[in-house]
Amino acid sequence: MNLKWNDCKGDQWCPFLDVDLNHSHFNDMEGVYIIWYWDNDKPVTVRIGQGIIKDRLSEHRKDPEILEYEDKDMYVTWARIGMSEQDAVEKYLADTLEPLVGESFPDVYPREVNLPW
């Protein structure tokens, strides 16, 4: 499956803590997302997830486990996909990217997708 990963204006990655989640872009948007930082030009995945993007990212901004990496300049990207595909895509992302935070992911057959990098 080929996902369209979102970025911010000017084709720049969106800073996780600064993205305007109240923007109309996020209204009723469901899908998957990745929170990460760069380490020597390689992405280090902090958290992946699924659901209503605005709600999930708002919750993660208060999560002390995620905020442990605040000094790393975290970024976020998201892709819109239907609810029926979210478990399988999240499973693939978790297996592939091995996030630092989060240990419980759907017990389903993973659905391969393109990565944003």
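What follows draws every value from the coordinates through simple rules; no lab data is involved. Quantities reported herein were computed from a predicted structural model and do not represent experimental measurements. So basically every Cβ, Gly included, is an ideal-geometry build from the backbone, and we count neighbours across all protein chains shown.
Computed quantities for the displayed model
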read-out: In sequence order, calculated HN-Hα J values of the range 62-70 (Karplus, 6.51, -1.76, 1.60; Hz; x Gly/Pro); value: 10, 7, x, 5, 6, 5, 4, 9, 4
read-out: Dipole axis of the chain (+1 Lys, Arg; -1 Asp, Glu on Cβ), positive-most option in ASN114, ALA94, MET29; value: MET29
read-out: Magnitude of the charge dipole, the range 9-97, Cβ model with Lys/Arg +1 and Asp/Glu -1, debye to 20; value: 160 debye
read-out: Reach of LYS72 by Cα under 23 Å, taken over lysines that are not fewer than 8 positions away in the same chain; value: LYS9, LYS42, LYS54, LYS62
read-out: The range 23-36 - phi-based ³J(HN,Hα) in whole Hz, Karplus 6.51/-1.76/1.60, Gly and Pro as x; value: 5, 4, 3, 8, 4, 6, 8, 10, x, 10, 8, 9, 10, 8
read-out: Other-chain or far-sequence residues with amide H under 5 Å of LEU3's (modelled H); value: ASN114
read-out: Dimensionless Rg over Rh [the range 9-97; C-alpha; Kirkwood]; value: 0.94
read-out: Two-site FRET efficiency, ASP71 against ASP20, from Cβ-Cβ distance with R₀ of 22 Å, rounded to 0.05; value: 0.50
